[in-house]
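The structure under discussion appears below in the form of structure tokens.
Just so it is clear, none of the values below were taken in a lab; they were calculated from the coordinates. Remember, it's a predicted structure, so these values are computed and weren't measured experimentally. Glycine gets a Cβ as well: all are built from the backbone with ideal geometry, and neighbour counts include every protein chain shown.
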Amino acid sequence: MKKVCLLLLTLVILAGATALTGEKTPPLEYRLVADWPTLPADVKLGGISAIATDSKDNVYLLNRIKPYVVVFDSAGKFLKSWNGDFKTPHGLRIDQADNVWIADMANHLVQKFTPDGKLLMKLGQKDMPGLAEDKFNKPADVEIGPDGDIYVADGYGNSRVAKFSKDGKFIKEWGMKGKGQGEFNIVHVVRLDAGQRIVVGDRENLRVQLFDQAGKFLEQWKDTGAPYGLYIHKDRVYLADGRKGTIRVLDKNGKLLARWEPGVGPKETPHWISVDSKGAVYVGWVSGQKVQKWVTK
């Protein structure tokens with residue numbers, strides 16, 4: 001019976017890719033890693049808002065209850081946890097130096113920490129929402145470029161991407177609320193691809209928009225569903241559709257390579273996605289209060 005289910009899953013993935021791209025593509029097959037991670041008795045998951053991996057493939061979970069940051073190795077063994085000045089932590093990224101960046105919606109802050117939770121930098125004004133060079137309004141995500149530049153998806157209250165230098169100096173911003181090119185309706189996630197294009201999950205407009213380093217609109221992908229989570233790994237874009245509850249793997253042009261449903265019902269919709277150096281896929285839920293690890297077969 002398990003073999004039959006596996007065959008059907010493979011056929012569905014391949015059929016979906018062929019239907020959307022108009023050409024046959026090799027299917028990507030993933031399997032769920034059972035019982036990942038192993039939680040200590042005193043750690044509970046209250047909704048996983050974000051996930052990221054460091055240079056050693058340790059996995060950082062952003063929890064909606066204390067402890068807010070929970071860290072495991074790739075095998076799922078608990079390593080450590082820590083807290084910070086958070087109210088509703090939403091997005092977590094790890095830069096090339098393994099510093100941890102967290103965007104907090106309710107605090108209106110983006111903060112940079114060491115791997116052990118020591119505060120290094122703070123952008124925004126705590127509890128003071130606004131649309132300014134030094135203020136955010138419910139930021140959702142943050143991305144760090146290879147040159148250290150900082151990109152903030154300022155995202156729920158505002159409708160813009162804000163760019164800063166590595167030392168936190170404001171450089172520029174772009175975007176406004178709307179449905180046109182370069183406009184947004186909840187900037188939920190921001191990433192940089194290998195070509196240094198800025199890839200933005202425009203959640204409520206059900207699309208992904210791409211920009212150059214100056215914020216100039218380049219193109220948009222409209223067949224993505226609601227891009228709650230985005231991660232780019234080796235010219236592949238991994239997208240968590242938080243509306244339909246599906247995971248999509250796209251090529252660098254937005255064409256579908258694979259798709260599967262990691263949840264078990266309409267209320268279990270993925271919120272975040274991350275990929276480690278070996279290609280393992282991590283999916284987090286706020287509503288389902290869980291995390292999954294998927295690996296290729």
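The ellipsoid that matches the Cα gyration tensor of the range 124-180 has semi-axes, each √(5λ) in whole angstrom, of 18, 14, 9, with the longest given first. For the range 232-297, the calculated P(r), taken from all Cα-Cα distances in 5 Å bins from zero up to the bin holding the longest distance, is 4, 18, 30, 25, 15, 6, 1 percent.
Computed packing ranks the peptides 31-43, 78-90, 268-280 as 268-280, 78-90, 31-43, most packed first, by mean other Cβ atoms within 10 Å. Two numbers describe the Cα atoms of the range 143-297: Rg and Dmax, which are 15.0, 45 Å. Highest mean packing comes first when the peptides 58-64, 243-249 are listed by Cβ atoms within 10 Å, giving 58-64, 243-249. With K and R counted +1 and D and E -1, the other residues having a Cβ less than 12 Å from that of N63 yield a net charge of +4. Take the range 175-241, drop everything but the C-alpha atoms, weight them equally and run the Debye formula without solvent; then report log10 I(q)/I(0) at 0.13, 0.25 Å⁻¹ to two decimals. Log10 I(q)/I(0), no solvent term: -0.29, -1.11. With no solvent and one equal point scatterer per Cα, compute the Debye intensity ratio I(q)/I(0) for the chain at 0.10, 0.11, 0.16 Å⁻¹ and report its log10, rounded to two decimals. With no solvent term, the Cα-only Debye profile gives -0.50, -0.60, -1.31.
Beyond 21 Å in Cα-Cα separation lie the following of the pairs K66/K87; K138/K163; K87/K244; K244/K297; K56/K112; K177/K244: K87/K244; K244/K297; K177/K244. This ranking places D251, D241, D154 by how few other beta-carbon atoms lie within 10 Å of each, fewest first, which gives D251, D241, D154. Per residue, the convex hull spanned by the alpha carbons of the range 34-166 comes to 101 Å³.
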